[in-house]
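Structure first, commentary second.
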Amino acid sequence: MKQKYNPMMFQCSESLDMSKHIVATYYMRGKGTNPMELDLAKFAESIAAEQATGTWIDVPFETDDIVERHAAKVIGIYETPAYDRELPDGIQYRDMIVRLAFPWENIGTNFPMIFTTAIGNISAARLKLLDLEFPKEYTDHFQGPKFGIQGVRDILDIPERPLTCAMIKPDTGWTPEQGGIMAYDAYLGGIDVIKDDELLVADPAWCPIEKRVQAITDAGKRAFEQTGEKKLYTVNLTEDSFKIKDLAYRAIDAGANALMINTYTAGFSALRQLAEDPNIQIPVMSHPDYAAAQSYSPDTGVAVALLWGKLARLAGADMAITTNYYGKIPVLRDSYLRTCRDLKMKFHNIKDCLPAPSGGMYQGVVPDTIYEVGTDVMIAAGGAVHGHRNGATAGARALRQSIDGAMAGIPLREYAKDKPDLQIALDDWGCGEKEDLFDMKK
């Protein structure tokens with residue numbers, strides 16, 4: 001008689017060589033007309049089988065040897081709440097956390113198969129990929145960020161304070177000459193990094209990539225002559241994958257000193273090819289547009305921090321735009337902060353990545369951001385710079401002043417008393433929660 005559960009599919013993690021496995025953690029919700037009858041173990045086993053060697057029915061060549069070597073193994077099933085004796089009356093569903101160990105020889109060292117294996121066909125089920133744990137033997141095959149946070153700081157000669165970034169607004173439609181004017185105004189006020197908006201086509205007829213790079217890098221040089229501060233410009237390279245590297249080389253030949261790619265539309269492999277190319281010796285920024293479509297559902301898709309944080313970093317982003325709790329794009333504070341932590345915390349051989357909270361950032365929330373994320377952060381603001389009543393230079397100056405005030409431990413409204421540009425920003429957009437509480441010196 002056939003056994004209900006295949007014992008080879010259930011193992012303790014201690015029984016496996018974890019240097020040869022990637023562990024995926026999922027949230028799953030089981031529903032049914034009678035939740036008492038839900039078979040959580042069978043659910044987990046079926047997911048493990050679907051994503052490795054099995055299918056919905058036994059097949060002749062799925063031998064014990066193949067299952068032993070290549071099948072995903074269920075190494076943990078945890079129901080939450082942890083019902084052990086009985087289920088409460090009226091329960092309609094049961095939630096669980098499942099951990100699967102995938103032999104990484106199934107996957108290889110590439111992003112398409114990471115996603116195909118960890119959240120491929122099963123993405124149609126009611127489950128969400130919460131995390132992936134990679135052994136060092138696996139991450140050794142990835143370079144990760146070429147520069148990391150310290151490398152970006154060294155390029156800009158900014159040893160301690162948070163960095164600033166401004167995307168050019170309007171998002172698209174401007175000429176290289178107009179871009180140069182807007183960039184210069186923002187640079188002059190104290191912006192460190194100018195970035196293309198993610199909506200700007202890489203090489204449009206009205207704003208060719210070479211002319212755009214030349215105009216904005218020239219603006220950075222002129223601003224440097226006046227301020228003594230080095231500048232970066234991240235030019236958007238998002239295109240079909242077979243065109244991206246050529247665009248990068250063209251941008252570099254034109255004088256580009258940083259690059260940007262929309263990682264979630266162009267693909268993680270596109271980011272990785274830029275980061276790991278030995279001919280590209282400038283930092284790369286990752287932009288998260290479309291990522292919310294993959295991560296914001298509460299019970300399907302991929303968790304924000306994994307998708308926007310750990311995986312973008314593994315692919316090689318030196319700087320990563322991320323959403324933030326205070327801006328126009330909704331995200332839970334916990335998810336936002338975990339993303340920032342995942343970009344910076346120790347991760348085998350992979351360098352850290354500079355988080356760049358964006359999407360509605362403004363001067364008044366700078367103290368909150370530094371308080372929660374730390375000084376290794378890039379404040380990325382577009383509208384709060386270019387939309388300032390006194391222009392982009394004033395908006396940029398106000399952003400830098402908000403950083404200076406926070407670093408000095410002085411409440412912003414007090415710090416702004418003799419700084420009209422900052423005062424206007426605070427009057428127009430307000431202050432965050434830590435305006436009167438934040439003190440860097442404590």
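The values are calculated or read from the model by the stated rules, or taken from the named source; none is laboratory data. Quick caveat, the model's predicted, so the values are computed rather than measured. All Cβ positions, even for glycine, are placed from backbone atoms using ideal geometry, and neighbour counts span all protein chains on display. All accessible areas refer to the heavy atoms of the entire protein, side chains included, with ligands and DNA or RNA removed. Shrake-Rupley method; radii C 1.70, N 1.55, O 1.52, S 1.80 Å.
Structure data summary
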quantity: Calculated Rg and Dmax of the stretch 170-259 using C-alpha coordinates, Å; calculated: 12.4, 40
quantity: Percent carbon-and-sulfur accessible area, the chain, ignoring ligands, DNA and RNA, probe 1.4 Å; calculated: 52
quantity: Per-residue [θ]222 nm for the chain (sum of -39500 (n - 2.57) over DSSP H runs n ≥ 4, rounded to 500); calculated: -10500 deg cm²/dmol
quantity: Gaussian network model of the chain, springs between alpha carbon atoms under 10 Å - residue of Ala380, Ala44, Ala124 with greatest fluctuation; calculated: Ala124
quantity: Principal axis box of the stretch 315-430, alpha-carbon based, largest edge first, Å; calculated: 47, 26, 24
quantity: FRET efficiency, Lys4 to Glu137 (Cβ-Cβ, R0 41 Å, nearest 0.05); calculated: 0.75
quantity: FRET efficiency estimate (nearest 0.05) - Cβ-Cβ, Tyr83 to Phe242, R0 56 angstrom; calculated: 0.60
quantity: Solvent-accessible area per residue for the chain (1.4 angstrom probe, square angstrom); calculated: 44
quantity: Cα-centred dipole magnitude for the stretch 281-334, charges only on beta-carbon of K, R (+1) and D, E (-1), debye, nearest 20; calculated: 80
quantity: Folded to 0 to 90 degrees: helix 392-408 orientation relative to the chain principal axis, Cα; calculated: 70
quantity: Cα convex hull of the stretch 362-429 - mean projected area over all directions, nm²; calculated: 3.9
quantity: Cβ charges +1 (Lys, Arg) and -1 (Asp, Glu), total dipole of the chain, debye; calculated: 460
quantity: The chain - percent relative contact order, Cα under 8 Å, separation 6 or more; calculated: 15
quantity: Cα→Cβ-extended label distance, 7 Å offset, between Lys31 and Gln11, nm; calculated: 3.5
quantity: Overall Cα dimensions of the chain - principal axes, largest extent first, Å; calculated: 83, 50, 36
quantity: DSSP-loop GluC sites (Glu not before Pro) across the stretch 132-227, with at most 13 other Cβ within 10 angstrom; calculated: Glu160
quantity: In degrees, nearest ten, helix 241-253 long axis to first principal axis of the chain (Cα); calculated: 30
quantity: Rounded accessible area of Met345 (nearest 10 Å², 1.4 Å probe); calculated: 100
quantity: Overall Cα dimensions of the stretch 49-176 - principal axes, largest extent first, Å; calculated: 60, 44, 36
quantity: Degrees separating the helix 333-344 axis from the principal Cα axis of the chain, which is the longest one; calculated: 80
quantity: Set Lys195/Lys245; Lys136/Lys344; Lys136/Lys195; Lys73/Lys344; Lys20/Lys310; Lys211/Lys243 screened for pairs whose C-alpha atoms are more than 22 Å apart; calculated: Lys136/Lys195; Lys73/Lys344
